[in-house]
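Visitor: Handing you this structure, nothing more for now.
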Amino acid sequence: GSLTVGELSEKLGKDSSEIIKKLMMLGVMATINQQLDSETIELICDDYGVEVEEEIVVDKTDLENYIVEDNEEDLIVRPAVVTIMGHVDHGKTTLLDSIRHTKVTEGEAGGITQHIGAYQIESNNKKITFLDTPGHAAFTSMRSRGAQVTDIAILVVAADDGVMPQTVEAINHAKAAEVPIIIAVNKIDKEGADPSRVMQELTEYELVPEDWGGDTIFVPLSALQGEGIDDLVEMINLVAEVEELKANPEQTASGTVIEAQLEKGRGSVATFLVQNGTLKIGDSLVVGTTYGRVRAMVNDLGKRVTEAGPSTPVEVTGLNGVPHAGDRFVVFTDEKQAKQIADLRSQKQVEEDRGSSAKVNLDDLFEQIKQGEMKEINVIVKADVQGSVEAVAASLQKIEVEGVNIKIIHTGVGAITESDIILAAASNAVVIGFNVRPDGNAKRTAETENIDIRLHRVIYKAIEEIEAAMKGMLDPEY
Ligand code: GDP
């Protein structure tokens, strides 16, 4: 940092004229208001035998500032955390189920699997944690909250279908996060399956098998029949080893929320992925803008546990509110401090929400256009059939009002999903549904993210509405 001569003299408790003299001897002609650089300040302080301590400004609301750094020698190997991605219907869910069934029941006879958002398997004495929500949307929404939980991405590509749009999206999301990718070439049992075609297509995305001179691992498998699952698990362990994934179980715990909701009779229920340290019953913690004490913990087999180490998913109760997926949690030894920090964090959140730029909304679209804030309106179109998708998109693209036009950033057939909403939030878009509705998750996310969803049953009404909004002639909704 820098100080003026006057400020420095005050800090040192010396007369400023004395400091000016010393500066002159150093060849610096200075007045009392002169700014001094840190090097000069250090020279003067040295002369007085005073050590300079850099003043560090700590953001009290940033949870990362409360995490104690580990000594290298305290770190030990931890299980890898894996996310499964890929195009719809290529077999992500089937693969998740298949891995769980073949690997969990072995050791944990009698355990009733529980959906808590993630599960752990054990193979050859090595554990692996799988995130239960497949797909890159969940992955990226967590990342947009600052959480990086995935160590390895499994990209599922159906051998009878090949690389599809969401395959490419998933590749880009994984690459953006710098996460290693293993390719699961699925459905090899199917007639028409052509694994080598998948390999060929993926070379375009710099995913080249070892046999062809690259370094990408390809595992042919059938999630449905369980074939190749062992190979995949083995490959995950191999990549995990290369990645040298480590943590310190002795540390106070920190990690990320995988999912959370309010449950009748239980209150706020959140699944945590412990990423470092060991979480224990009774620990005080801050999670997002909430805080609390760990009242009870349940693992992915529905069993109550008293502690959870690195890479372990556990369902936690005892928070004073419902955090968001992707929120970080940090344990504090002092419960009061935890509450204080959570309060600071929620205050900051309120301020940020107030200050954040308004999301596009048809009700005040005209205002935004008038203020010159909007030259292009991003729209996502979902409809029940492809024909309608195309018809709606084509008509929308023809609209142009006073130099403002419409850009279709994504289209699709089927219900409005959370992934659509996340995309809308990231690109500030309006979502138009034609003969479709948002599903439950989409509805919730749209509310928290402030996304405008417009549902229609007649094409011209959809067009009319948007045109009216652009002209400031929309009937207000009551
Ligand atoms: P997701 O959308 O990627 O989660 O895909 P799903 O796991 O829901 O699978 C979509 C469809 O493909 C389902 O009907 C599955 O039964 C089927 N499927 C998944 N894996 C395989 C496989 O290895 N072989 C065959 N023949 N069908 C599969």
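Visitor: At each listed q (0.06, 0.08, 0.11 Å⁻¹), what is the log10 of I(q)/I(0) that the Debye formula gives for the chain modelled as equal alpha-carbon point scatterers?
Guide: Debye intensities relative to I(0), on a log10 scale: -0.39, -0.65, -1.02.
Visitor: Roughly how far apart, in whole Å, are the Cα centres of the stretch 1-52 and the stretch 226-263?
Guide: 53 Å
Visitor: List the residues, sorted by chain then number, that are 5 or more residues from VAL305 or on another chain and whose placed amide H is less than 5 Å from its amide H.
Guide: MET297, VAL298, ASN299
Visitor: Which of the GluC sites (Glu not before Pro) found in the stretch 433-478 are loop residues per DSSP with 11 or fewer other Cβ atoms within 10 Å of their Cβ?
Guide: GLU477
Visitor: Quick one: with all protein chains in place, what share of the accessible area of the chain is carbon or sulfur, to the nearest percent (1.4 Å probe)?
Guide: 46 percent
Visitor: If you don't mind, there's one more thing I want to ask. Put a dot 7 Å past each Cα toward the Cβ at GLU449 and VAL28; how far apart are the dots in nm?
Guide: 5.2 nm
Visitor: Through the Karplus equation 6.51 cos²θ - 1.76 cosθ + 1.60, θ set to phi - 60°, convert the phi angles of the stretch 400-414 into ³J(HN,Hα) values in whole Hz; use x for Gly and Pro.
Guide: Those phi angles translate into 8, 10, 6, x, 9, 10, 9, 10, 7, 9, 6, 10, x, 9, x Hz.
Visitor: Probe 1.4 Å, all protein chains in place: accessible area of LYS92 in Å², nearest 10?
Guide: Spelled out: LYS92, probe radius 1.4 Å, area about 30 Å².
Visitor: For the stretch 170-208 and the stretch 59-80, write down the distance between their C-alpha centroids in whole Å.
Guide: About 34 Å separates the Cα centre of the stretch 170-208 from the one of the stretch 59-80.
Visitor: Please work out the average accessible area per residue across the chain, using the 1.4 Å probe convention, and give it in Å².
Guide: 52 Å²
Visitor: Mind listing the long-range amide H neighbours of LEU224? Cut-off is under 5 Å, sequence gap 5 or more, other chains count too, H placed in the peptide plane at 1.01 Å from N.
Guide: Here the answer is LYS187, since their amide H atoms fall under 5 Å of that of LEU224.
Visitor: Amide H to amide H, which residues 5 or more places from ALA118 or on other chains are under 5 Å from it, using H placed in the peptide plane?
Guide: The list, which skips near neighbours in sequence, is ASP132.
Visitor: Can I ask one more? Divide by every residue of the chain the summed helix terms, -39500 (n - 2.57) for each DSSP H run of at least 4, and state the resulting mean residue ellipticity at 222 nm, rounded to the nearest 500 deg cm²/dmol. Don't skip to the answer; put the middle values down first.
Guide: Details: 14 runs with 163 residues, N = 478.
Using -39500 (n - 2.57) per qualifying helix, the result is -10500 deg cm²/dmol.
Visitor: Follow-up. If a paramagnetic tag sat 7 Å from the Cα of GLU210 along the Cα-Cβ line, which residues of the stretch 217-235 would have the backbone N under 15 Å from that point?
Guide: 217-220, 231-235
Visitor: Give me log10 I(q)/I(0) at q = 0.10, 0.19, 0.26 Å⁻¹ for the stretch 263-352, Debye formula, one equal scatterer per alpha-carbon, no solvent.
Guide: Result of the Debye calculation: -0.23, -0.83, -1.43.
Visitor: Next up: Counting only C-alpha contacts under 8 Å and six or more residues apart, can you give the relative contact order of the chain as a whole percent?
Guide: Reported as a whole number, the value is 11 percent.
The values are calculated or read from the model by the stated rules, or taken from the named source; none is laboratory data. Bear in mind that the values here come from a model prediction, so they are computed numbers and not experimental data. Glycine also receives a Cβ, built like all others from the backbone with ideal geometry; neighbour counts cover every protein chain displayed. Side chains included, ligands, DNA and RNA excluded: accessible areas come from the protein's heavy atoms. Shrake-Rupley method; radii C 1.70, N 1.55, O 1.52, S 1.80 Å.
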